[in-house]
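Engineer: If you scroll down you'll find the structure; I have some questions about it.
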Amino acid sequence: MAGRHFALHTQQGPFVHRTDYDRIADAITYLEKHRAGQPSLSDVAHAVHLSPSHLQRVFTRWAGVSPKRFLQYLTLKDAKARLRDGASVLDAAYDAGLSGGGRLHDLFVTIDAVSPGEFKRRGAGLEVRWGLHPSPFGPAVVATTSRGLCGLEFPDAIPARAAESLQRRWPEATLVHDPAATEPAAARVFAHGPDDAPLRLMLRGTNFQLKVWEALLRIPEGRVVSYADVAAAIGRPGASRAVGNAVGANPIAYLIPCHRVIRESGALGGYRWGLTRKRAMLAREHDSAA
């Protein structure tokens with residue numbers, strides 16, 4: 001599998017292969033920590049033990065932007081400006097009655113929420129097929145049922161434990177490790193086109209969670225909103241904390257773009273799959289939308 005290698009254990013203890021994925025994650029962390037000093041490409045390359053040319057090449061491939069552009073993105077002023085823009089965009093999407101924040105999700109995503117009875121059965125009688133697949137943001141667990149995509153996560157764990165959260169969310173379901181069955185869904189999530197038939201999502205959540213996840217789909221690519229913006233948009237002003245919990249429980253990372261929600265101050269806040277990924281996703285989207 002391309003991408004990150006997982007830890008191997010020997011008699012002397014764990015041995016971890018350092019790959020481009022690990023180095024770029026370190027580079028993003030370094031840029032975040034030292035952004036006030038505006039480090040050069042050589043500074044970052046030295047810190048992560050790569051040559052400047054190799055860092056430039058693999059960073060651009062992984063994050064979608066150069067290290068210099070990424071450093072520019074990290075400024076708080078930029079985040080605050082994008083937050084102000086994003087709030088009005090989200091309101092406009094709701095006012096227009098859109099099923100998504102742009103043509104991409106209007107065409108690409110439809111939601112099939114489980115019924116209250118199915119919710120209570122916790123997946124009893126359901127077969128969930130899952131596989132670990134490479135993605136632009138590291139290995140991703142993709143899970144599907146006969147009704148659609150039901151999970152997408154970035155585990156950063158050994159493959160044998162990759163399905164643990166799936167089992168927690170669908171405790172009575174039968175989980176089948178079948179990467180061949182989930183590969184088409186993985187390919188469509190990360191390399192879809194406008195002519196694709198809609199990708200159906202099968203979601204198990206409370207009514208409140210479903211409203212929040214639907215709101216996330218209305219945030220256009222390249223924009224961000226605050227938790228308060230989402231709360232107001234679903235008719236629950238003042239419920240920012242509850243919105244944050246629902247965002248954190250999002251079962252389909254990246255495709256349901258919880259990474260586009262940041263704090264009112266403009267700070268990125270938390271992210272279930274790590275701030276390194278959140279920064280990379282936002283920087284890639286911001287650059288492509290510019």
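The values are calculated or read from the model by the stated rules, or taken from the named source; none is laboratory data. For clarity, every value in this text was computed on a predicted model and none was experimentally measured. As a convention, Cβ positions derive from the backbone with ideal geometry for all residues, glycine included, and neighbour counts pool all protein chains shown. Remember, those area values only see protein heavy atoms, side chains included, never the ligands or the DNA or RNA. Shrake-Rupley method; radii C 1.70, N 1.55, O 1.52, S 1.80 Å.
Engineer: Name every residue in the range 207-227 that is open to solvent by less than 20 Å² (accessible area, probe 1.4 Å), in contact (Cβ under 8 Å) with a residue 40 or more places away in the chain and under 10 Å from Ala246 (Cα atoms), in order of residue number. Full working, then the answer.
Structural biologist: First pass over the range 207-227, keeping only residues open to solvent by less than 20 Å² (accessible area, probe 1.4 Å): 212-213, 215-217, 219, 222, 224-226.
Among the residues that remain, those that are also in contact (Cβ under 8 Å) with a residue 40 or more places away in the chain are: 213, 215-217, 219, 222, 224-226.
Matches in the range 207-227: Trp213 only.
Engineer: List pairs: first in the range 160-171 and open to solvent by 80 Å² or more (accessible area, probe 1.4 Å), second in a helix (DSSP H, G or I), Cβ under 9 Å, 6+ apart or cross-chain?
Structural biologist: none
Engineer: While we're here: Could you list, in sequence order, the residues of the range 240-290 that are of a type in the set (S, T, N, Q) and either without any contact (Cβ under 8 Å) to a residue 60 or more places away in the chain or touching a Lys or Arg at 6+ places or on another chain (Cβ under 6 Å) (or both)?
Structural biologist: Pass one, the range 240-290, residues of a type in the set (S, T, N, Q): 240, 245, 250, 265, 276, 288.
Hits for the range 240-290 are Ser240, Asn245, Asn250.
Engineer: Additional query: Considering only residues that are touching a helix residue (DSSP H, G or I) at 6+ places or on another chain (Cβ under 7 Å), modelled with pLDDT under 60 and open to solvent by less than 30 Å² (accessible area, probe 1.4 Å), which ones fall in the range 71-129?
Structural biologist: Of everything in the range 71-129, those that are touching a helix residue (DSSP H, G or I) at 6+ places or on another chain (Cβ under 7 Å), modelled with pLDDT under 60 and open to solvent by less than 30 Å² (accessible area, probe 1.4 Å) turn out to be Gly100, Gly101.
Engineer: Same structure again: Taking the residues in the range 229-278 that are out of contact with any helix residue (DSSP H, G or I) (no Cβ under 6 Å at 6 or more places or on another chain) and part of a helix (DSSP H, G or I) as candidates, determine which candidate is surrounded by the most Cβ atoms within 10 Å (Cβ to Cβ).
Structural biologist: Arg260
Engineer: If you check every pair at least six apart or on different chains, which have Cβ atoms under 6 Å apart with a residue in the range 103-130 that is on the phi > 0 side of the Ramachandran plot first and a residue that is modelled with pLDDT of 80 or more and open to solvent by 60 Å² or more (accessible area, probe 1.4 Å) second?
Structural biologist: Arg122/Glu172; Gly123/Glu172
Engineer: Sticking with this one: Within the range 33-50, identify whether any single residue is under 22 Å from Pro134 (Cβ atoms) and open to solvent by 20 Å² or more (accessible area, probe 1.4 Å), and answer yes or no. Spell out the reasoning first.
Structural biologist: Going through the range 33-50, the residues under 22 Å from Pro134 (Cβ atoms) turn out to be 48, 50.
Subsequent filtering for residues that are open to solvent by 20 Å² or more (accessible area, probe 1.4 Å) retains 50.
The answer is yes; a qualifying residue exists.
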